[in-house]
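J.: Below is one structure. I have some questions about it.
The values are calculated or read from the model by the stated rules, or taken from the named source; none is laboratory data. Note that the structure is predicted; figures quoted are calculated from it, not measured. In this analysis, Cβ positions are derived from the backbone assuming ideal geometry, glycine residues included, and neighbour counts consider all displayed protein chains. Please note that ligands, DNA and RNA were not included when accessible areas were found on the heavy atoms of the full protein model with its side chains. Shrake-Rupley method; radii C 1.70, N 1.55, O 1.52, S 1.80 Å.
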Amino acid sequence: MNAIPIPTETVVAVPAAMPTPTPAATTDVVSNVVNDVVTLPLDRQPTIRIIPMPADTNANGTIFGGWVMAQVDLAGSVPASERAMGRVVTVAVNSFLFKQPVFVGDLVSFYAQVTKTGRTSITVEVEVYAQRHRFGSEVVKVTEAVLTYVAIDENHKPRPLV
């Protein structure tokens, strides 16, 4: 049986009307690439860490992209909820880039940080890294995403940030 080649980079198209953060709105972080070797970010703790299981795979034997997207949304909601000091809902996936596949047994770390706030909205950048074979030294950046959340009140209506 021939192996199916897995693309190393897939871009999910986002409608042009979706807002994207400007370079001035992003936060500088310590570089975690030295001599082309990727490490986990040293300047912050992961928002979520999880090990995908066989039930999370797609027909190609890698982790289903929808599973990764769901985890990214959960990770992004953590700093958004903290900033909103309450409930938030996802209103936009501004960008989503699958850079490398995720495999069963990888230790997957999701790093999320607020990059911009509006009157009711919070934009969050999420970076995802996989530590291959959990105990190995290989770390790869597998996904990058930018999502927008809106703070809501008890009636599920947008409310101003505190």
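J.: So for the pair Phe135, Leu74, with labels modelled 7 Å out along Cα→Cβ, what separation do we get in nm?
T.: Placing both labels 7 Å along Cα→Cβ, they lie 2.6 nm apart.
J.: On to the next question. How much accessible surface area, in Å² rounded to 10, belongs to the heavy atoms of Ser95 with a 1.4 Å probe?
T.: Accessible surface of Ser95 is approximately 50 Å².
J.: Towards the positive end of the charge dipole of the stretch 93-162, with charges on Cβ (+1 Lys, Arg; -1 Asp, Glu), say which of Pro158, Val128, Val140 has the farthest Cα.
T.: The residue sitting farthest along the positive end of the dipole is Pro158.
J.: Here's a follow-up. Given a Förster distance of 30 angstrom, what is the FRET efficiency for Ala59 paired with Glu144, based on the Cβ-Cβ distance and rounded to 0.05? Working shown, then result.
T.: Working: r = 24 Å, r/R0 = 0.81.
It comes out at approximately 0.75.
J.: Could you tell me whether the stretch 34-105 comes out rounded, prolate or oblate from its Cα gyration tensor? Rule is a ≥ b ≥ c as square roots of the eigenvalues, rounded for a/c under 1.5, then prolate if a/b exceeds b/c, otherwise oblate.
T.: Working: a/c = 1.96, a/b = 1.27, b/c = 1.54.
Judged from the Cα gyration tensor, the stretch 34-105 comes out oblate (a/c at least 1.5, b/c at or above a/b).
J.: So for the stretch 67-156, averaging the separation of alpha carbon pairs under 8 Å that are six or more residues apart and normalising by length, what relative contact order in percent results?
T.: Details: 191 pairs, mean separation 32.7, N = 90.
The value is 36 percent.
J.: First select every other residue whose beta carbon is under 14 angstrom from the beta carbon of Pro160; then total the charges, Lys and Arg +1, Asp and Glu -1. Numbers along the way, then the final one.
T.: Values: positive: Arg83, Arg87, Arg119, Lys157, Arg159; negative: Asp153.
With Lys, Arg at +1 and Asp, Glu at -1, the net is +4.
J.: Same structure again: Based on C-alpha coordinates, I'd like the Rg and Dmax of the stretch 90-162, in Å.
T.: Computed over the Cα atoms of the stretch 90-162, radius of gyration and Dmax are 15.8, 48 Å.
J.: Among the lysines, which fall within straight-line cross-link reach of Lys116, defined as a Cα-Cα distance under 22 Å, with same-chain neighbours fewer than 8 residues apart omitted?
T.: Lys157
J.: Now, a different point. When the label point is put 7 Å from the Cα of Val162 along its Cα-to-beta-carbon vector, which residues of the stretch 78-121 have a backbone N closer than 13 Å?
T.: What the label zone holds, given the 13 Å backbone N cut-off, is 81-88.
J.: Rank-order 146-154, 46-54, 119-127 by packing density, defined as the average count of other C-beta atoms within 10 Å over each peptide's residues, highest first. Present the calculation step by step, with values, prior to reporting the outcome.
T.: On the way: 146-154: 19.7, 46-54: 15.4, 119-127: 21.4.
Output ranking for 146-154, 46-54, 119-127: 119-127, 146-154, 46-54.
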